[in-house]
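Engineer: Below you'll find the structure I mean.
The values are calculated or read from the model by the stated rules, or taken from the named source; none is laboratory data. It should be emphasised that the depicted structure is a prediction, and the values quoted were computed from it without experimental measurement. Every residue, glycine among them, receives a Cβ derived from its backbone with ideal geometry; neighbour counts consider all protein chains shown. When the accessible area is computed, the model is the full protein with side chains, heavy atoms only, and any ligands, DNA or RNA have been set aside. Shrake-Rupley method; radii C 1.70, N 1.55, O 1.52, S 1.80 Å.
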Amino acid sequence: MSNKDPITEQERKDFKEKKGVFSDSNAYNEGKKQLAWYNRIPFWVKAVIIKYWFFGLNYFLFEMGLGYLLNDMTAYSAWLLILIGSFAQGIFNDVLVYNILDAWENVPGEAKNWEFFKSKKLYSLFINVAYGLLWGFLTYYLCGIIATAIQSQWAESYFFQEPLSFAVIGFLIDGVFVLFKDSIVYLIQRRRA
């Protein structure tokens, strides 16, 4: 081992097994080097930032990026953008978001409360794409209603037509679905016990 990495092999194995943080407030015992700075951040903060960022990224890439390429914005083009963005969000969730949340857990199983559905099986991708389609339709529809209401009073407004405010609505809708899923899981587990 190098001088920069004073972790013993046993500590490294324990960390990998727990998939969490070391005891004693994320620091090694008796003056040893601290773990990475992000282990001191509460998990819910990391989950909110990651999910919010990916919702905003989705809007930026597909609605703003592909929307710019479509010169004639017809109803067909708008529905196509919603379909593509929603499909992509389902893939983002399954391939990127949930894996990042799993990697950043402070305690094993902490990310389960922030995921809609996660499995190592292939059907997880299909479930998350279907969820992404439902999420996308509701998010785009609600953002459209709010943006229209705001523009009737303030014509120059771009609220809910840009990534930051779109991600807020997307995060709220995702939160409702995840809360509903967690409630059902809780009731099933309570009934079995």
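Engineer: Work out the FRET efficiency for LEU70 and PHE159 from their Cβ-Cβ distance, taking R0 = 30 Å, and round it to the nearest 0.05.
Structural biologist: Calculated value: 0.85.
Engineer: Could you provide, to the nearest whole Å², the per residue accessible area of the range 52-193 with probe 1.4 Å?
Structural biologist: Per residue, the range 52-193 has an accessible area of 62 Å².
Engineer: Right, here's the next one. If you keep only loop residues by DSSP, which GluC sites (Glu not before Pro) in the range 84-184 have at most 10 other Cβ atoms within 10 Å of their Cβ?
Structural biologist: Taking the range 84-184 and a limit of 10 other Cβ atoms within 10 Å, the loop GluC sites (Glu not before Pro) found are GLU156.
Engineer: How large is the translational diffusion coefficient of the range 51-162 in µm² per second when you combine the Kirkwood radius over alpha carbon pairs with Stokes-Einstein at 4 °C and 1.567 mPa s?
Structural biologist: On the way: Rh = 15.3 Å.
So the translational diffusion coefficient is about 84 µm²/s.
Engineer: Take the solvent-accessible surface of the protein heavy atoms, probe 1.4 Å, and return the percent of it on the range 38-87 that carbon and sulfur atoms account for.
Structural biologist: Working: 2310 of 3050 Å².
Carbon and sulfur atoms account for 76 percent of the accessible area of the range 38-87.
Engineer: When the solvent-accessible surface of protein heavy atoms is calculated with a 1.4 angstrom probe, in what order do VAL97, VAL185, VAL176 fall, highest first?
Structural biologist: VAL176, VAL185, VAL97
Engineer: Taking all protein chains in place and a 1.4 Å probe, what share, in percent, of the accessible surface of the range 126-165 do carbon and sulfur account for?
Structural biologist: With neighbouring chains kept in place, the figure for the range 126-165 is 75 percent.
Engineer: Below 11 angstrom from the Cβ of CYS143, what's the summed charge of the other residues (Lys, Arg +1; Asp, Glu -1)?
Structural biologist: Net charge around CYS143: -2.
Engineer: Counting Lys and Arg as +1 and Asp and Glu as -1, what is the net charge of the other residues whose Cβ lies under 14 Å from the Cβ of PHE87?
Structural biologist: -2
Engineer: To the nearest whole percent, what portion of all C-alpha pairs in the range 100-193 is separated by more than 18 angstrom?
Structural biologist: Everything past 18 Å amounts to 60 percent.
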